[in-house]
1. Give me the number: length gained by fully extending E81 to I12, i.e. 0.36 nm times residue separation minus the C-alpha to C-alpha distance, one decimal in nm.
2. Mind checking which lysines have their C-alpha under 28 Å from K277, skipping anything on the same chain fewer than 8 residues away?
3. Quick check: the angle from helix 243-257's long axis to the longest principal axis of the chain, C-alpha only, nearest 10 degrees?
4. Size of the dipole of the chain about the Cα centre, Lys and Arg at +1 and Asp and Glu at -1 on the beta carbon, nothing else charged, in debye to 20?
5. For the range 132-177, run through the trypsin sites (Lys or Arg not before Pro) and keep only the ones in DSSP coil with at most 14 other Cβ atoms within 10 Å of their Cβ.
6. Just from its helices, what would the mean residue ellipticity at 222 nm be for the chain, if runs of 4 or more DSSP H residues each count -39500 (n - 2.57) and the sum is divided by every residue, rounded to the nearest 500 deg cm²/dmol?
7. Decide, for the range 5-143, between rounded, prolate and oblate: order the square roots of the alpha carbon gyration tensor eigenvalues as a ≥ b ≥ c, take rounded if a/c falls under 1.5, and otherwise choose prolate if a/b is larger than b/c, else oblate.
8. Give the peptides 369-375, 147-153, 176-182 in descending order of average Cβ contacts within 10 Å, highest first.
Amino acid sequence: MLNRKIIDELIIWKNSKYRKPLIVKWARQVWKSFAIKYFWENNFRKIHIINFQSNKKVHSIFEWDINPNEIITKLEYILDENIDIKNDLIFFDEIQECPKAINSFKFFCEKKKELAIIGAWSYLWLIKNWESFPVWKVDFLSMFPLNFEEFLEAIKNKLFNFYKKIDINNLKKIDDLIHKELLKYLNLYFFIGWMPEIVNLYKEWLNNNNNSNELLNNIRKTQLNLLESYKADFTKYSWIINSSHILSVYDSVSKQLSLTYNEEVNKFKFVWVIPNKKWFSSIDWPLTWLSESRLVIKSFISNKANNPLKSHTKENTFKLFFHDIWLLNASLETPISEIILNDLSNYKWYIVENFIAQELFNIFDKDLISWTEGISEIEFLINIWWDIIPIEVKSSEKYRKAKSLDSFIKRYSPKIAYKFTMQNYSKNEDRWYSTLPMYLVWKIKKTKI
């Protein structure tokens with residue numbers, strides 16, 4: 001059974017006495033169907049699913065009457081099902097297609113608190129009428145792609161059992177055999193990623209020892225198909241923004257990332273992204289579409305490391321990352337053999353940086369922050385409570401001396417500083433930072449200051 005962390009959060013929502021209608025945000029293909037199915041099967045009598053994208057006739061229910069009792073009665077008629085208010089779950093999928101259904105959550109919150117109702121969208125930015133949004137009347141929850149910890153549990157449970165016992169606050173050197181195994185599966189994660197079809201293909205190969213080349217080719221084919229479906233969505237929703245502009249920005253993210261090297265925090269360049277347009281204003285709307293659709297991750301570049309960090313950033317100065325590492329590799333058509341057989345001690349810089357970015361985004365669910373001051377650069381700064389923690393990323397075991405991290409520590413005296421590499425754990429007492437293997441980045445959410 002695949003364990004998704006969002007299921008625990010859904011259970012907490014269900015049992016809360018302050019529960020409101022829930023809106024879940026996610027990108028496409030993040031195991032949504034699996035998570036919802038597991039959640040309702042173990043917590044409700046029945047689920048009633050209304051998809052506003054595929055079932056247009058249901059929109060009419062919300063045109064004239066937003067009384068919850070009337071809506072439920074009409075849903076029972078259309079679905080030909082009885083709805084048990086206290087024991088059933090109602091699931092509105094692709095709810096952004098029907099703004100009035102979103103508005104109805106206000107009245108469900110006020111008049112039908114006993115009913116568990118969830119709305120989900122893949123493209124937040126497509127809501128046509130924000131004026132009807134039920135402010136303060138809904139709860140929010142984000143669902144992310146499968147992170148490395150979840151991937152490890154799905155693929156190699158015995159190794160996961162060791163991994164989950166690692167305490168970032170009481171670290172010791174990890175057994176070399178285990179360390180190498182974790183790096184091996186991290187490498188597989190860089191290629192396989194999180195798509196249900198892909199993870200299942202790989203598990204099937206493990207169980208049946210099928211031809212590996214055929215498997216790997218099928219995985220890449222599936223990845224490219226998903227990329228094409230994203231691009232088809234750009235065209236589908238071009239009534240909002242020129243779809244070719246969205247595609248231009250999306251394609252430029254991978255190309256610009258692939259040109260960065262160690263110790264570089266290069267901002268996203270606007271020149272030549274869209275033909276004959278070279279200013280931030282030309283990509284602002286397409287970028288907003290991609291960001292709100294959770295297909296790219298922004299990391300704003302701060303010129304100071306004082307709270308609040310956002311106050312030291314500019315709207316038009318940022319880096320961009322893909323929301324998942326395997327999509328980056330597929331977009332660049334990185335040869336499969338180069339990923340699977342790569343010497344992890346010399347991994348391409350942009351791959352490991354994107355991995356760290358997506359794990360941090362999964363943890364904090366907000367735009368990231370990088371730091372540049374003078375000639376010093378740090379890939380990411382995070383807040384744990386009110387403390388600022390620098391995170392430096394190195395793709396090679398033979399990295400250069402950490403001059404930027406030394407400079408940051410000298411200027412700001414952080415309580416904790418992390419360097420993520422492919423090396424095993426070590427503690428530099430003199431220079432006041434810990435070197436951690438890259439597969440432990442998810443653990444920083446449990447850092448104690």
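1. On the way: separation 69, 0.36 × 69 = 24.84 nm, distance 2.72 nm.
Full extension of this stretch gives 22.1 nm more.
2. K128, K231, K236, K255, K267, K269, K298, K310, K314, K319
3. Orientation of helix 243-257: about 30 degrees from the principal axis.
4. Details: 64 positive and 53 negative charges, 207 e Å.
Using Cβ point charges on Lys, Arg, Asp and Glu, the chain gives about 1000 debye.
5. Numbers: sites: K137, K156, K158, K164, K165, K172, K173; in loops: K137, K156, K164, K165, K172, K173.
The qualifying sites are K164, K165, K172, K173.
6. Working: 16 runs with 188 residues, N = 449.
Result for the chain: -13000 deg cm²/dmol, rounded to the nearest 500.
7. Numbers: a/c = 1.30, a/b = 1.12, b/c = 1.16.
Taking the square roots of the gyration eigenvalues as a ≥ b ≥ c, the range 5-143 is rounded.
8. Working: 369-375: 18.3, 147-153: 22.0, 176-182: 14.4.
Ranking the peptides 369-375, 147-153, 176-182 by packing returns 147-153, 369-375, 176-182.
None of the figures in this text is laboratory data; all of them are computed from the coordinates on show. Just so it is clear, the model here is predicted, and its values are computed rather than measured. Here the Cβ is made from the backbone with ideal geometry for all residues, glycine too, and neighbour counts use every protein chain on show.
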